[in-house]
Structure formats: C-alpha cells, structure tokens
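The values are calculated or read from the model by the stated rules, or taken from the named source; none is laboratory data. What you are looking at is a predicted structure, and each value in this text was computed from that prediction instead of being measured. When we count neighbours, we look across all protein chains shown, and the Cβ atoms used for this are built from the backbone with ideal geometry, even at glycine. Ligands, DNA and RNA are excluded from the accessible area calculation, which covers all protein heavy atoms including side chains. Shrake-Rupley method; radii C 1.70, N 1.55, O 1.52, S 1.80 Å.
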Protein chains: 2
Amino acid sequence: MSSISYLPIGIVESSFREPRRPEEMRAVPSRLVLATRFAAEMAALEVGQHLWVVYHLHLIEPISDHHPVNLFTKRIANRPNPIGFTLVRIVAVEGTTLTVVGLDAVDGTPILDLKPYQRIWDEPPVHRPSARRLNAP
Amino acid sequence: MSSISYLPIGIVESSFREPRRPEEMRAVPSRLVLATRFAAEMAALEVGQHLWVVYHLHLIEPISDHHPVNLFTKRIANRPNPIGFTLVRIVAVEGTTLTVVGLDAVDGTPILDLKPYQRIWDEPPVHRPSARRLNAP
C-alpha cells in the first residue's frame, strides 16, 4: 500500500515540552495556532464548543514491526501511524488562535484537523435498554 | 511546515463503492482487513467492543485553499487533510479481519489506525451540574 501525506494546518503551543500524564496535561490550557488562511473558518467557532483536535505525535518514532500486543486495546502513543485525537473545549477564539482545555499534546505538535464533536456519531449507542429494564430489580 | 507520511495498516471492504448518506452506510456491516503482521494485536480484540477506525478518505481531492466556512463546524469530507474517524462495534474477529457495524467508509478505504473507545476521554464532561440543579424549577 502506498504512503499517504498530509500537511499540517497549524501547531500546538503548550507549556509541556515533553509528554506527561494525560490527566495532568489536559488540565492546563493550550493554544492551537492555525495558518492564517483559515481565518474565515475559525471565525465560525465559538467559546464552549467541543472539538476534536487531530494531530501528529511528532516525538514518536513510528514502528513498523514488533508492536505491543495491546496496540488496539490501549491508547498508547507508540503506534504504526502516530495519529492522536483528543476532545477539547474552546475557551477563547482570537483570529486564527484557539485557546482550549483538555488537550494532551506537547508544544510544537503539528495539527492535522479540527472536527466538531457530534454526540449522535461520537457516542456508542446504548444497547438493549429494554432488556436491561426487564432485568432491573 | 513539512509534510507527514503514513503507511496504511489495512483496508476497508464494503458493499459501498461510492459515498452514500452516513446513516445508510453505518447500518451495513463492513470488513477491516489488516496486514497479517498485526495477527497478535488483533487477537486481543473482542466481539462487542467499540473501536475508533481512523482512515484516509482516498476519494477526496485535498484542497489547500478556498475551504467552506463550515470546515471546522461540520464533519464534511472535503478537508485540508481528509482524515476520517468513525466509532464502530466489532461483530466478528477472524484472524486479521474484523467485521464491524457503524462504519461510513467506502470499499478500498486505507485504514491508518484502530483505537479503543474510552468514555473517560471521548465523551464531553457534563459542565456545571450543580448550577443547572440550582436553576431547575
């Protein structure tokens, strides 16, 4: 299969230069600095909205073989394609810079995409609610 | 910013050759055929689990300029970097092939990653429940 190339649309500014525990990183606001050509698209965003930030884990050395067995059952960073996505909340919009909380990416992380959170698609359906109700005490 | 390259880890097999409404596509099972080098990692997956499938929308021509203004507020496919991710449920695991429901990717879509769904990270926190309770009638 041939390789796929993407061009970053912006970069993360964070006080974290190296990865720390995700909980620790997510508690501190980060800035998403997008290329100026996205000014009109950024103006459509609002404080309080939830966004997915899709980014490249640039400190990770991609490994093509000998993956950990829990590769698909854990959110470990060492992956064949080190793509991360994290749900954030917008706390400020200024030009093509967003301030967000919830991000766990280090300073200098290349941003590949921003997508709105959409509950109807991004939340697992609740299965068999009627069956569960029948079993309730 | 320099470009980033990824190598697909597998491919989607679907009865849809061209994009249709996501609702229509998600209702039909698809197969995720991964490279055989992922046999051990695939064996850790179980029927019923929810997974994110990260994929490249290979039918989309990337556009570097003149994006729609709703680029970051809608999940439209025409994006600077046409990366998609969709939440699916595993219905069968056979070797390095997964059968899933919920995917809205066409036949031949290159797969970049699979990640487990994790509610604690993938669901927006409920904000200010106490304030909301105070305002309740």
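Side notes on the structure shown:
- Scanning the stretch A:26-55 for residues that are modelled with pLDDT under 95 and touching an Asp or Glu at 6+ places or on another chain (Cβ under 8 Å) yields A:R26, A:R37.
- Complete set of residues in the stretch A:1-21 that are open to solvent by less than 40 Å² (accessible area, probe 1.4 Å) and either of a type in the set (D, E) or in contact with an Asp or Glu (Cβ under 9 Å, 6 or more places away or on another chain) (or both): A:Y6, A:I9, A:V12, A:S14, A:F16
- Condition check for A:E41: open to solvent by less than 60 Å² (accessible area, probe 1.4 Å) and in a helix (DSSP H, G or I): yes
- Set side by side, the residues B:V33, B:V69, B:V88, B:V53 differ, and just one is surrounded by fewer than 19 Cβ atoms within 10 Å (Cβ to Cβ) and touching a strand residue (DSSP E or B) at 6+ places or on another chain (Cβ under 9 Å), which is B:V33.
- Filter result for A:V28 (β-branched (V, I, T) and open to solvent by 20 Å² or more (accessible area, probe 1.4 Å)): yes
- The strands (runs of 3 or more DSSP E) found wholly in the stretch B:46-125 and carrying at least 1 residues that are touching a residue at least 24 places away in the same chain (Cβ under 8 Å) and of a type in the set (S, T, N, Q) occupy B:83-94, B:97-101.
- Scan of the stretch B:1-35 for residues that are facing chain A (nearest Cβ under 8 Å) and not in a loop (DSSP other than H, G, I, E, B), ordered by number: B:I4, B:S5, B:Y6, B:I11, B:P22
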